[in-house]
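Below: one structure, written as structure tokens.
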Amino acid sequence: MAHVQLKNIKKSYGSHVALKDVSLSIDRGAFFTLLGPSGCGKTTLLRAIAGFHQQDAGEILLEGQSIGHLGANKRNVGMVFQDYAVFPHLSVFDNVAFGLVQQKVPSAEIRERVGAILVTVQLDQHAERMPHQLSGGQQQRVGLARALVIRPKVLLMDEPLSNLDAKLRVELRRDIRSLQQSLDITTVYVTHDQEEALSISDQVCVMHDGIVQQVGTPWVVYNRPANRFVATFVGSNNFVPVALDGAGMPLVLGQPLEIPKSVTRQGAKGIVAAIRPERLLVDEAVSGPGVRLGGVVRQAMFTGRELQLTIEAAGHGLLDALTEPSAVMIALKPGDPVQLGVRAEDILYFAPGVTGALLQ
């Protein structure tokens, strides 16, 4: 049985439909991430689970029991917010203890539980400090400790790292994942950062326009996106139209290529081929079936661990490529000719439209 289950959740704000018949099952102990652009419905869904607002239709179950009718303080869930939400007039200890005080937990137990969780989140040396004496990362740890000390059945996190700088985000997300695994607590996490979602999740749920587009492991969502929106939002892609030659043979980047029968059955109109930039080979031999063509470098950007190239493919517009920054690749400059290639197995095909399905 799923630990958290959402059945046909709907939510509207006036004429705007924020959630359209959303159904999800989240396993016990899973780190489950809701990923999508602003306005896609992910935070609305998280707040419905938390009880901060009532869904218009559908059912929310925790351990098989319906909780959709309960107030937020009756659901036994912990919430970590984007803006830290610490009380500025309370010390670290008193901030973390707040929920236990509200529950009228005995003072001796409060000291024990708060002390233990502060050690867990590496704030035990700062128990008496005030929030203004803490860094942003430390304040977010206070919020995390406060959510965990009440021993919730589910931990909910609403873009908790978005206000932190890039280096601290990476450090804290690693700590959050480690803590979640050690406590084995079911976690529902909201973010618009695809790298964050891929790096820490057991399951990723991609949302768009109030609809679940795909749920899967990070590897599956990245490598086998269910539709064109997922392929666009998670990572980047070169989308090129599929054409037909005079004999009806499909053409990709102007070259005949054996492609899935589901593509040829529909004809080529509106079908696109998708090529990840890291799958586009630059001055590298293509083994087996694939596409090979010439191009000219238009832009080269070194980012440290990779080189980002924008290449004009003869007659086919601009394509993005990612390569290792070897001495040969780093020497490339605008105007230099290159040879491009992509293996047939590294090309995906999508039906027409923003959410056109993956064709297999």
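Values quoted throughout were computed directly from the atomic coordinates according to the rules given, and no laboratory measurement underlies them. Bear in mind that the values here come from a model prediction, so they are computed numbers and not experimental data. Reconstructed Cβ throughout: ideal geometry from the backbone, glycine too, with neighbour counts over all protein chains shown.
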key: the range 236-359 - convex hull of the alpha-carbon atoms, volume per residue in Å³   = 107 Å³
ask   = Taking the Cβ-Cβ separation of residue 74 and residue 360 as r and a Förster radius of 51 Å, what is the calculated FRET efficiency to the nearest 0.05?
value = 0.65
message = Relative contact order for the chain: what percent, with Cα pairs under 8 Å and sequence separation of 6 or more?
response = 16 percent
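When 187, 44 are ordered from fewest to most other Cβ atoms inside 10 Å of their Cβ, what list results?
If I rank by nearby Cβ atoms, fewest first, I get 44, 187.
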message = Helix 166-183 against the longest principal axis of the chain: what's the angle in degrees, Cα atoms only, rounded to the nearest 10?
response = 60 degrees
query = Mind checking which lysines have their C-alpha under 22 Å from residue 269, skipping anything on the same chain fewer than 8 residues away?
reply = 261
task = Take the chain, connect every pair of alpha-carbon atoms lying under 10 Å apart with a spring to form a Gaussian network, then pick out the residue of 53, 89, 192 with the largest mean-square fluctuation.
result = 89
request  = Can you tell me the FRET efficiency between residue 135 and residue 112 if r is taken as the Cβ-Cβ distance and R0 is 30 Å, rounded to the nearest 0.05?
outcome  = 0.65
note = Long-range share for the chain, i.e. C-alpha pairs more than 39 Å apart as a percent of all pairs, stands at 30 percent
Under 29 Å from the Cα of residue 10 - lysines, other chains or at least 8 residues apart = 20, 42, 74, 153
ask   = Which order results if 10, 261, 42 are arranged by neighbouring Cβ count within 10 Å, fewest first?
value = 261, 10, 42
request  = Quick one: angle between helix 107-120 and the longest Cα principal axis of the chain, in degrees between 0 and 90, rounded to 10, please.
outcome  = 20 degrees
task = For n ≥ 4 DSSP H runs only, could you compute -39500 (n - 2.57) per run for the chain, divide by its residues and tell me the 222 nm figure to the nearest 500?
result = -7500 deg cm²/dmol
message = To the nearest 20 Debye, how big is the dipole of the chain about its Cα centre, given +1 on the beta carbon of each Lys and Arg and -1 on that of each Asp and Glu?
response = 820 debye
key: the chain: most fluctuating residue of 332, 280, 19 per GNM, C-alpha cutoff 10 Å   = 332
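With N residues in the range 4-89, what two-decimal value do you get for its Cα radius of gyration over 2.2 N^0.38 Å?
1.12
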query = Placing +1 at every Lys and Arg Cβ and -1 at every Asp and Glu Cβ, with all other atoms neutral, what dipole size does the range 236-359 have around its Cα centre, in debye to the nearest 20?
reply = 340 debye
request  = Arrange 345, 306, 196 by Cβ neighbour counts within 10 Å, fewest through most, would you?
outcome  = 345, 306, 196
